[in-house]
Amino acid sequence: MKKNAFTTLFLLFLTSLFALPAQGRQIELRAELGTPVVEAGREHTTFLKISLTGFELSGPEERTPANIALVLDESGSMTGEKLEEAKEAALLAVDLLDEDDILSVISYDSHVKVLVPATRVADKREIRRAIRAMKADGQTALFAGVSKGAREVRKFIDKERVNRIILLSDGQANVGPSTATELGELGMSLGKEGISVTTIGLGAGYNEDLMANLAGYSDGNHAFVDDPEDLVKIFNYEFGDVLSVVAQDLLIRIELRDGIRPLRILGRHGQILGREVTTRMNQLYSDQEKYILLEVEVPEGMANETRDLANVTVSYRNMANSRQEDVTDKVTVSYSASDEEIARSRNREVVTTATKQVANEMSKQALQLRDEGKREEAQSLLNSSADFVRAQGAMLGGEEKEQLEAFSAEVESEAEAITLDEEWDKTRKSIRAKQYRQDTQQNY
């Protein structure tokens, strides 16, 4: 009897031992202030960075199966090289998926066609045949194409899958709903269902605000592709993300303590209600950092005083063990009368991140001014932004100085380009895509 009991306990021990790696892998949460020590005796504004980093997958066999709808523009403007390169990119997607994945292929011109209904990627030959048969004609029923893609994804929608629509378009949405607001609302609705939309704009003819809104509100990716030959490369990057999701349905809750006032969330959509801030992400990728940046007001305090600033909770679905999990962190702020202590405590990485995000917000304001015809004001704002970034780099010194000087040079180039008419459609799309990457920490 004792021997049997010992054997049972030993087996239970071994089971728990081997289960530890799978159970123990969680996303990493870090809550950090740019200035964790501030000057005593006065109010301050500072930046709170909530960083989320996905754990590393041990191999391809661990990845989460995907449920993908490819929604491809085959309107008349796609004739020739554009459509051929789009087909090659779609065929690459077929090669990257396996029989555990679900794929549907939808094409749209003036009407929408389901070339491949949602199905397991088993008979790749038939899927390839349907893609190769695409022909360009008609107008651009973009809204209807995305809506049809969503219907196909819903057939197999599952919390245990990466549910995504990948939209390619080279033109304006001119059949059905066509405004950035309407497409943003569609993206928000799909995001709430757990479906993200990646938008890929090809050439200078599409509406970048519409495409960015659709992606942003659903927490997908957004890319501007100037050369059709780059489509295969972009699809490779996109599926690198799709096939490395380690967490989904992330809810980030930031509870600020008494006396701490939230001012604004930079980059991402979120909600501020009193001292509680909430935002969401649809997915987090393996070994990649995503973050939320919150500007807060800190009341004055006495030297040597330490104050609780915020508690942070992130709830998410761990795709490695199919469990709902929470991770938590908290952050404090201290007061000092010593300039040396304040400077020494500065979080250089957070200050660098905040500097880039503030500059990105200024870039958005400049783009709006340019759209209103206020070119000189737009340029002046960007030049001020470049000066601000350079000054922050000089304050930090070291590698951060080099990094911010390079970023400042990019802002100066943007300032020079924003007054020009030559190739403005292309320039605007490039600026908008850059803003999106900065906001969402997109891989490509």
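Summary table below
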quantity	calculated
Filtered GluC sites (Glu not before Pro), the range 31-135: DSSP coil and at most 15 other beta carbons within 10 Å	Glu43, Glu56, Glu99
Violating pairs (Cα-Cα greater than 19 angstrom) within the set Lys233/Lys356; Lys113/Lys148; Lys82/Lys364; Lys401/Lys434; Lys374/Lys434	Lys233/Lys356; Lys82/Lys364; Lys401/Lys434; Lys374/Lys434
The chain: relative contact order in percent, alpha carbon pairs under 8 Å with at least 6 residues between	19
222 nm mean residue ellipticity, helices alone, for the chain (DSSP H n ≥ 4; -39,500 (n - 2.57); rounded to 500)	-14000 deg cm²/dmol
Anisotropy class of the range 164-246 from Cα gyration tensor, a/c 1.5 cut	oblate
Amide H within-cut-off set for Thr79, under 5 Å, with H built and near neighbours excluded	none
Mean Kyte hydropathy of -1.0 or more with a Cα span along the axis of at least 27 Å, helices from DSSP in the chain	2-24, 348-371, 375-396, 398-417
Label-point gap, in nm, between Asp326 and Ala394 - each point 7 angstrom along Cα→Cβ	4.7
Ratio Rg/Rh [Cα only; Rh per Kirkwood] for the range 348-440	0.98
The range 200-217-the range 67-113 distance, computed between alpha-carbon centres (Å)	17
Tensor-based shape of the chain (alpha-carbon gyration tensor, a/c under 1.5 rounded, otherwise prolate or oblate)	oblate
Over 18 Å between alpha carbons, listed pairs Lys192/Lys429; Lys155/Lys192; Lys290/Lys426; Lys135/Lys429	Lys192/Lys429; Lys290/Lys426; Lys135/Lys429
Distance from the range 340-359 to the range 256-300 (C-alpha centre basis), Å	17
Computed over the range 308-428: relative contact order in percent, which uses C-alpha pairs under 8 Å that are six or more apart	18
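No value in this document is a laboratory result; all are computed from the given coordinates. Worth saying up front: this structure is predicted, and the values here are computed from it rather than measured. Heads up, the Cβs are rebuilt from the backbone with ideal geometry, glycines too, and the neighbour counts pull from every protein chain shown.
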